[in-house]
Amino acid sequence: MSLIVVGSVAFDAIETPYGKTDKIIGGAGSYIALASSYFGIKPRVISVVGEDFPEEYLSLLSSHGIEIQGIEVKKGEKTFFWSGKYHQNMNQRDTLITELNVLEKFDPKIPEEWDKTDYLMLGNLSPIVQRQVIERLETRPKLIAMDTMNFWMDIMSEELAKTIALVDVLIVNDEEARQLSGEHSIVKAARVISKMGPQYIIIKKGEHGALLFGNEQIFFAPALPLEEVFDPTGAGDTFAGGFIGYLAQHQKTDFDAMKSAVIAGSTMASFTVEQFGTDRIQHLPQSEIDSRVKRFENLVKFSY
């Protein structure tokens with residue numbers, strides 16, 4: 001049950017109504033790998049950082065059983081850096097700084113012993129880079145999941161379509177699904193996207209939950225009601241990590257497994273938003289995860 005995670009390992013600086021941070025560990029790859037590490041697997045990360053990336057952050061990933069041989073350290077260069085400020089309602093944010101640095105010319109290198117993997121999670125990156133990873137693997141994984149965003153739809157629509165055609169699961173939010181499909185209805189959007197290649201489409205709706213489409217079936221997972229959302233950064237990536245981690249752990253890819261994986265992803269994301277950055281998912285007792293899954297079950301459990 002091997003899993004490769006491809007995504008940025010980076011610096012974030014975050015400001016919310018609850019406070020702000022200096023540079024902390026961030027990036028899609030970091031959130032996905034940390035979240036998936038709670039499902040009895042050792043995620044393998046493919047990414048790139050600069051010489052300025054602290055050894056303590058790499059040690060943090062390693063301490064979770066995450067294999068970091070695929071994280072290239074570029075001497076004399078700087079790590080990708082993003083800074084953002086959230087508004088009071090947390091659904092809106094302003095990007096203050098984006099410095100691509102080493103990510104601008106990222107050429108993913110797959111360690112020889114990783115040539116074969118059962119599961120592949122492609123975090124939000126250039127669709128060209130995502131496709132390169134697929135093409136460079138010796139054999140096709142059992143399941144390939146992919147995250148993307150409207151930025152790539154704006155500037156690389158053709159390349160994005162080529163990559164989407166190669167994956168089994170596409171994860172987008174409702175705004176991105178509408179842009180990608182040209183349909184306002186989420187149900188129609190999912191139908192259009194499925195014709196592009198993916199067998200399953202997950203459409204996230206933030207605080208309103210997530211929808212899973214596949215095999216002519218639909219499943220809805222609510223978001224867990226929380227008293228306070230401290231920092232939404234990385235929630236979508238944590239969702240992806242919990243989702244792919246569950247599938248890799250259980251080694252099933254049917255619709256019922258997908259449903260449970262969506263709940264696993266939603267559970268992990270509900271932890272992330274409770275503290276800044278990855279703080280909350282760095283030290284999670286299994287009992288807390290199990291308890292929160294039970295809360296999700298109770299949200300949708302009823303008799304009629």
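Checked against (1) touching a helix residue (DSSP H, G or I) at 6+ places or on another chain (Cβ under 6 Å); (2) under 13 Å from Ile171 (Cα atoms); (3) assigned to a helix (DSSP H, G or I), Gly236 passes all but a single condition, namely (1).
Okay, residues lined up against (1) touching a helix residue (DSSP H, G or I) at 6+ places or on another chain (Cβ under 9 Å); (2) of a type in the set (Gly, Ala, Ser); (3) in contact (Cβ under 8 Å) with a residue 12 or more places away in the chain; (4) in a loop (DSSP other than H, G, I, E, B):
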{"residue": "Val133", "(1), (2), (3), (4)": "no, no, yes, no"}
{"residue": "Pro141", "(1), (2), (3), (4)": "yes, no, yes, yes"}
{"residue": "Ala145", "(1), (2), (3), (4)": "yes, yes, yes, no"}
{"residue": "Asp154", "(1), (2), (3), (4)": "yes, no, no, no"}
{"residue": "Leu160", "(1), (2), (3), (4)": "yes, no, yes, no"}
{"residue": "Thr163", "(1), (2), (3), (4)": "yes, no, yes, no"}
{"residue": "Val172", "(1), (2), (3), (4)": "yes, no, yes, no"}
{"residue": "His184", "(1), (2), (3), (4)": "yes, no, no, yes"}
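Identify, from the list Gly84, Gly26, the residue that is of a type in the set (Gly, Ala, Ser), surrounded by 21 or more Cβ atoms within 10 Å (Cβ to Cβ) and either over 29 Å from Tyr119 (Cβ atoms) or out of contact with any helix residue (DSSP H, G or I) (no Cβ under 8 Å at 6 or more places or on another chain) (or both). I'd like the intermediate steps shown before the answer.
Numbers: Gly84 fails: surrounded by 21 or more Cβ atoms within 10 Å (Cβ to Cβ).
None of the others qualify; the one that does is Gly26.
Is there a residue in the stretch 240-250 that is buried (at least 16 other Cβ atoms within 10 Å of the Cβ), without any contact (Cβ under 8 Å) to a residue 40 or more places away in the chain, part of a helix (DSSP H, G or I) and not charged (D, E, K, R)? So far as the stretch 240-250 goes, no, none of its residues is buried (at least 16 other Cβ atoms within 10 Å of the Cβ), without any contact (Cβ under 8 Å) to a residue 40 or more places away in the chain, part of a helix (DSSP H, G or I) and not charged (D, E, K, R). In the stretch 90-106, the residue that is modelled with the lowest pLDDT out of those that are surrounded by fewer than 16 Cβ atoms within 10 Å (Cβ to Cβ) and part of a loop (DSSP other than H, G, I, E, B) is Asn91. Where residues in the stretch 188-231 are in contact with a Phe, Trp or Tyr (Cβ under 7 Å, 6 or more places away or on another chain) and touching a residue at least 60 places away in the same chain (Cβ under 8 Å), which of them is farthest from Ser2 (Cα to Cα)? So, considering only residues that are in contact with a Phe, Trp or Tyr (Cβ under 7 Å, 6 or more places away or on another chain) and touching a residue at least 60 places away in the same chain (Cβ under 8 Å), the one farthest from Ser2 (Cα to Cα) is Phe230.
Please verify whether Leu34 is aliphatic (A, V, I, L, M), farther than 18 Å from Gly236 by Cα and at pLDDT 95 or above, treating the condition exactly as stated.
Details: aliphatic (A, V, I, L, M): yes; farther than 18 Å from Gly236 by Cα: no; at pLDDT 95 or above: yes.
No: the conditions fail for Leu34.
Please verify whether Lys109 is over 30 Å from Leu180 (Cβ atoms) and in a loop (DSSP other than H, G, I, E, B), treating the condition exactly as stated. For Lys109, the condition - over 30 Å from Leu180 (Cβ atoms) and in a loop (DSSP other than H, G, I, E, B) - is not met. Quick one: would you say Lys205 is at pLDDT below 95, over 28 Å from Leu58 (Cα atoms), under 16 Å from the mean Cα position of the chain (by Cα) and among the charged types (D, E, K, R)? So Lys205 passes the test.
The test for being touching a residue at least 40 places away in the same chain (Cβ under 8 Å) and either touching a strand residue (DSSP E or B) at 6+ places or on another chain (Cβ under 8 Å) or not in a strand (DSSP E or B) (or both) holds for Val45. Scanning the stretch 112-131 for residues that are surrounded by fewer than 17 Cβ atoms within 10 Å (Cβ to Cβ), part of a loop (DSSP other than H, G, I, E, B) and among the aliphatic types (A, V, I, L, M) turns up nothing. Filtering the stretch 186-200 to residues that are in a loop (DSSP other than H, G, I, E, B), on the phi < 0 side of the Ramachandran plot and surrounded by fewer than 18 Cβ atoms within 10 Å (Cβ to Cβ) leaves Lys195, Met196, Gln199.
The values are calculated or read from the model by the stated rules, or taken from the named source; none is laboratory data. Please read these numbers as outputs of a predicted model, since none were measured by experiment. Counting neighbours? That spans all protein chains shown, and the Cβs are built from the backbone with ideal geometry, glycine included.
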